[in-house]
Amino acid sequence: MTLRYAYFPGCVAQGACRELYLSTQALTQALGIELVELKKASCCGSGTFKEDSQLLEDTVNARNIALAESLNLPLLTHCSTCQGVIGHVDDRLKSAQKTNPAYVEQVNGLLKQEGCSPYKGSTDVKHLLWALVGDYGLEALQQKVTRKLSGLKCASFYGCYLLRSQPLPYDDPHSPESMENVFRAIGATPVYYRGRTQCCGWPLSSYATEQSFKMAGGHIQEAIAAGADCMITPCPLCHLNLDSRQPEVAQVVGEKLGLPVLHLPQLVALALGIDPKALGLDRHVVSTRSVLEKLGI
C-alpha cells in the first residue's frame, strides 16, 4: 500500500532552505511515498502568533489541519518547528472537543467567516522522521539502501520542538534514539554528545545574537570533539543557525568550526543513491564536500 500524506512544507524550506524541499521530494519519490502538497496552507507562526493571541495560533493552524482533513490524509511536515506548533494545536483542539467544545466552535466560526472548512480532529500531524520510523519502517528503509554510508559519523541535532511539544509516538524525549536508529539503518555511525537535545539558539538570534551564537557554537564544538563528520537536523530553523550562520558563530566562539550540517532527508537520500546535486548539497554555507569525499562520491 502506498503511503500518502498531505504535505505541509512550511516557509523556510521554500525560501532560505530550498534544499530541504528538494531533498524531501527526492527522498519520498525514491521510497514511493506520495505527497499531496497543501499549496493553500499558511505559515504556522513558529510559535510567535500565541504571543499575541492563542486563538490566533489555534485558528490559523486549525485551518492548516482542516486542509489535510479534507483530503482524508495525515498532515506531514519536515520541519520540527512546524510539527511542534501544528501538532500542539491539534492536541489542544482534540482535547477541547471533550473539555471545552465552545472553544472549538469559536475557532470553526472564525474559519467559516473566511469560507474555510471546519476543524474536525480527524487526522494526525506527523514529522517526516516519524513517518520514516513508524509508517515506512526501518527494515523497509534499510532494504532501499544502495549506497551504504559506512564510516560516516553522524551527530543528530533534534532541537526543541520535536522532543517537547507533544507526546512522542516513537521515541523518548529525554533520551531519543529515532534519528540514531535511522543512521544505523542506512549504515552510518551515530555520535552522541550532550547538546543533541538542546536548543540551537535560533529563537534568541534576533535580540540576543551573541548568546544565540554561543549556544550554537557550543553544540558544534561538542559534536566535533565527539568525532562527528557532520551534524544532522530535522529542523530548517536549526539548520539556519547551525549552518548558514556558522561562520559568524565561529567568530563568536573564537574557534574554526567547519562542520557540515545536513537536513535529515538529504542524508537518507544519499544512502538511496540519489545525486548530491539533486539534494541541494551545494547550497550549504558550510561545504558538504568532506562528507561526499568520505563516502567516495
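The values are calculated or read from the model by the stated rules, or taken from the named source; none is laboratory data. The model shown is predicted, which means the values in this text are computed figures rather than measured ones. Here the Cβ positions follow ideal geometry from the backbone for every residue, glycine too, while neighbour counts run over all protein chains shown. Ligands, DNA and RNA are excluded from the accessible area calculation, which covers all protein heavy atoms including side chains. Shrake-Rupley method; radii C 1.70, N 1.55, O 1.52, S 1.80 Å.
Each residue in region 182-209 was checked for being at positive phi and either in contact with a Phe, Trp or Tyr (Cβ under 8 Å, 6 or more places away or on another chain) or outside any loop (DSSP other than H, G, I, E, B) (or both), and 1 pass. Only one entry of Gly137, Gly87 meets the criterion of being open to solvent by less than 30 Å² (accessible area, probe 1.4 Å), at positive phi and not charged (D, E, K, R), and that entry is Gly137. For first residues located in region 28-49 and open to solvent by less than 20 Å² (accessible area, probe 1.4 Å), partners that are among the basic types (Lys, Arg) and lie 6+ apart or on another chain with Cβ distances below 7 Å form the pairs Leu31/Lys144. Figure legend. Inter-residue proximity from region 277-290: first residues without any contact (Cβ under 8 Å) to a residue 60 or more places away in the chain, second residues surrounded by 14 or more Cβ atoms within 10 Å (Cβ to Cβ) and among the aliphatic types (A, V, I, L, M), beta-carbon distance below 7 Å, spacing 6+ or different chains. Indicated pairs: Val286/Leu259; Val286/Val261; Thr288/Leu262; Thr288/Leu281. Could you tell me which of the residues Gly280, Gly273 is in contact with a helix residue (DSSP H, G or I) (Cβ under 7 Å, 6 or more places away or on another chain) and at positive phi? Of Gly280, Gly273, the one residue that is in contact with a helix residue (DSSP H, G or I) (Cβ under 7 Å, 6 or more places away or on another chain) and at positive phi is Gly280. Just one of the numbered conditions (1) buried (at least 16 other Cβ atoms within 10 Å of the Cβ); (2) under 17 Å from Ala131 (Cα atoms); (3) at pLDDT below 95 is not true of Glu180: (3). Annotation: of all residues in region 50-80 being open to solvent by less than 10 Å² (accessible area, probe 1.4 Å) and hydroxyl-bearing (Ser, Thr, Tyr), the one that is farthest from Ser117 (Cα to Cα) is Ser80.
Of the residues Lys112, Lys94, the single one that is open to solvent by 20 Å² or more (accessible area, probe 1.4 Å), free of Cβ contacts under 8 Å to residues at least 40 places away in the same chain and farther than 19 Å from Cys44 by Cβ is Lys112.
Taking the stated definitions as given, is Leu272 in contact (Cβ under 8 Å) with a residue 40 or more places away in the chain and farther than 20 Å from Glu293 by Cα? Write out each step before concluding.
Values: in contact (Cβ under 8 Å) with a residue 40 or more places away in the chain: yes; farther than 20 Å from Glu293 by Cα: no.
The answer is no for Leu272.
Taking the condition surrounded by fewer than 24 Cβ atoms within 10 Å (Cβ to Cβ), touching an Asp or Glu at 6+ places or on another chain (Cβ under 9 Å) and of a type outside the set (A, V, I, L, M, F, W, C), does Ser122 pass?
Details: surrounded by fewer than 24 Cβ atoms within 10 Å (Cβ to Cβ): yes; touching an Asp or Glu at 6+ places or on another chain (Cβ under 9 Å): yes; of a type outside the set (A, V, I, L, M, F, W, C): yes.
Against the criterion (surrounded by fewer than 24 Cβ atoms within 10 Å (Cβ to Cβ), touching an Asp or Glu at 6+ places or on another chain (Cβ under 9 Å) and of a type outside the set (A, V, I, L, M, F, W, C)), Ser122 qualifies.
Residues that are within 19 Å of the chain's Cα centre (by Cα): list the helices (runs of 4 or more DSSP H) wholly contained in region 210-297 that include at least 2 such residues. It would help to see each step written out before you state the result.
Working: elements: 236-239, 246-253, 264-271, 289-294.
By residue number, 236-239, 264-271.
Give the residues of region 115-140 that are assigned to a helix (DSSP H, G or I) and free of Cβ contacts under 8 Å to residues at least 60 places away in the same chain, sorted by residue number. Full working, then the answer.
Initial filter on region 115-140 (assigned to a helix (DSSP H, G or I)): 128-140.
Hits for region 115-140 are Trp130, Val133, Gly134, Gly137, Leu138, Glu139, Ala140.
Out of all the residues in region 251-297, which are small (Gly, Ala, Ser) and either open to solvent by less than 20 Å² (accessible area, probe 1.4 Å) or touching a Cys at 6+ places or on another chain (Cβ under 7 Å) (or both)?
As a first pass, look at region 251-297 and keep what is small (Gly, Ala, Ser): 254, 258, 269, 271, 273, 278, 280, 287, 290, 296.
Passing the criteria: Ala269, Ala271, Gly280.
Scanning region 225-245 for residues that are among the polar types (S, T, N, Q) and either open to solvent by 10 Å² or more (accessible area, probe 1.4 Å) or touching a strand residue (DSSP E or B) at 6+ places or on another chain (Cβ under 7 Å) (or both) yields Thr233, Ser244.
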